[in-house]
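The numbers here are math on the coordinates, done by the rules we state, and not lab data. Because the structure is predicted, anything quoted here is derived from the model rather than measured. Don't worry about glycine lacking a Cβ; one is built from the backbone with ideal geometry, like all the others, and counts go over all protein chains shown.
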Amino acid sequence: MRAASLADAEEPTEALQEFTEAIRLEPDNLLRYTSRAECYIRVKKYDLAMADIDEALRLNSTYDEAFAERARIHSEKQEYDDAISDYTKAIDLNPSNADSFSGRATVFEKKRDYESAILDLDKAILLNPAQGLYRSNRAMVFQKMGKVHEQLQDLLKARQTAPKWPGVNNDLAWLLVTSPLDEIRDNVAACDYIADALQLDPNNGNYWDTCAAVFAEIGNFDEAIEWEQAFLERKDVPDDQCHRAEKRLALYRQHEPYREAPAQPPNQFTASTTPTQPGK
């Protein structure tokens, strides 16, 4: 269906029009409602997304993916307990769907319940070991738990399953030059990984930031400064990320590489959102 292709191509507004027309022609097709709901989530129209999920569940009250989509809406609205409840319903209805376990893990991570997040990602990986995203997500949870060696192993395994995934190449490069642990850092491998990431996606600003850290680690501070300044000149960098990048730039000007601070023990009573990349 053309709407699905548009949604996959990150064109949710046009896809919404197509799905709306499809619903007009097939008002009892629940897949149309869940697909349009996903588009509404992308454009942050959560009430409209929820209305579509309610209609899908009216058509089929045991459709697990509808509960999973509703869980996503709750998670986006920071209604984490409701999100966990809906993901649990989806899992009860279809315990072989790895995405539901991964989705619930994301919510547990936001609540800083890292042990529960790891358990769910373990199940997702067991169900679908070829999906590198699950290992990458588990690596990020390990990073927040201060388990750097486990983080590295998961990123390496994620890259084995998806060597052309620029994100995992970037995350490996970042870890291998910014880790506070001497036994983790490997600037030679990091150079290879960031080169692959930039070749695959040369316009991603996060990769420019990582490239600066790599150059700083190998002692080429002129290049590090140039890449960090280029990153800071971008219009798409959030303010908090700019603030951290400015601190890194100051280090490079002093001819010092950047090191991540060791992870702090999680406070189980504090909710948190997930950054796009450690230290970014």
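Worth pointing out:
- Whole-number Å³ per residue for the convex hull built on Cα positions in the chain: 134
- The trypsin sites (Lys or Arg not before Pro) of region 148-233 that DSSP puts in a loop, and whose beta carbon has at most 14 other beta carbons within 10 Å, are Lys164.
- Extension gain for Leu48-Ala189 works out to 46.1 nm (0.36 nm per residue, less the C-alpha to C-alpha distance).
- At an R0 of 25 angstrom, the distance between the Cβ atoms of Cys242 and Asp201 translates into a FRET efficiency of 0.75.
- Each principal axis of the Cα cloud of region 167-260 was taken in turn, and the coordinate range along them, longest first, works out to 34, 31, 22 Å.
- Between Gln229, Val214, Ala197, the Cα set farthest toward the positive side of the dipole of region 167-260 (charges on each charged residue's Cβ, about the Cα centre) is that of Gln229.
- About its Cα centre, the chain has a charge dipole of approximately 360 debye under the convention of +1 per Lys or Arg Cβ and -1 per Asp or Glu Cβ, with nothing else charged.
- Cβ-placed point charges (K, R +1; D, E -1), dipole of region 167-260 about Cα centre in debye, nearest 20: 200
- Residues Lys45, Lys144, arranged from fewest to most other Cβ atoms within 10 angstrom of their Cβ, appear as Lys45, Lys144.
- Of all lysines in the structure, those lying under 26 Å Cα to Cα from Lys147, and not within fewer than 8 positions of it along the same chain, are Lys110, Lys111, Lys123, Lys157, Lys164, Lys247, Lys280.
- Cα long-axis angle, helix 46-59 against the chain (0 to 90 degrees, to the nearest 10): 40
- Compared with the dominant principal axis of the Cα atoms in the chain, helix 187-200 is inclined by about 40°.
- Ordering Cys39, Cys191 by the number of other Cβ atoms within 10 Å of each residue's own Cβ, fewest first, gives Cys191, Cys39.
- Structural descriptor for the chain: relative contact order 12 percent, calculated from alpha carbon pairs under 8 angstrom and at least 6 residues apart.
- Taking the chain as a Gaussian network of alpha-carbon nodes connected by springs under 10 Å, the highest mean-square fluctuation of the residues Pro202, Pro262, Pro238 belongs to Pro238.
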